[in-house]
Amino acid sequence: MKAAPLADVGVILAAAIDPAGFPADVRAGIGAAESPGRSWCQARTALRFTTPREPVIRYDDLGSLALLAEIPPDTSRDNTDVAAIIRVAGNPEDLETLDAYCTTGSQRRAADLLHLHHSSVARRLEEIGKTLGIELADPTGLLRARIALTAWRLLND
């Protein structure tokens, strides 16, 4: 294993690594390609998808989500769903509620994560859904919100 600082990130080159071994405040993207150059690119892409709730991401686990990293920023900003997320992001409480719901896919599990009553989360999500113009209780609406939230994060990484 080799490690070194590089610009604003630390780099670890290793044949194998256990994501559970990372400290709680560290985010990590893990590449898996055969060549170091390609693995580096994969790790940088995976790092862009990390969040406080999901601080370690393996590139291989992204699957088709990795394609979102290839979308030009202007294209993302111009998308109506992403533009709506930008409006929601103005209220950190709403953004946290939407993030918890998108992460869990359940109002009750989001409420547990946020330490709120499920009816409070339901009310918040109803208002957030109106702001987004998306029916969040609908599977397609939840998918749209997840994709838009991910695209917004990629714009802000």
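Bins of 5 Å, beginning at zero and ending with the bin holding the largest distance: percent of Cα pairs per bin for region 73-155, please.
Final binned percentages: 3, 17, 30, 26, 16, 5, 2, 0.
Sort 63-75, 121-133, 20-32, 143-155 for me by packing, meaning the mean count of neighbouring Cβ atoms within 10 Å per residue, highest on top. Numbers along the way, then the final one.
On the way: 63-75: 11.3, 121-133: 17.4, 20-32: 13.2, 143-155: 19.2.
Most protected by this proxy first, the peptides run 143-155, 121-133, 20-32, 63-75.
(i) 10.8; (ii) 10.1; (iii) 8.5: which one is mean projected area of the Cα convex hull in nm² as calculated from this entry?
Calculated mean projected area of the Cα convex hull in nm²: the matching label is (ii).
Using packing as a proxy for protection, rank 92-104, 47-59 so that the peptide with the highest average count of other Cβ atoms within 10 Å comes first.
Values: 92-104: 18.5, 47-59: 16.8.
Ranking the peptides 92-104, 47-59 by packing returns 92-104, 47-59.
Sum up the charges of everything whose Cβ sits under 12 Å from the Cβ of residue 95, counting Lys and Arg as +1 and Asp and Glu as -1, but leave residue 95 out. Walk me through the numbers before you get to the answer.
Working: positive: 87, 124, 153; negative: 93, 94, 96, 99.
It works out to a net charge of -1.
Rule-based calculations on the coordinates, nothing more; no lab input. Note that the coordinates shown come from a computational prediction; the quantities given were computed from them, not determined experimentally. Note that each Cβ is placed from the backbone with ideal geometry, even for glycine, and that neighbours are counted across all protein chains shown.
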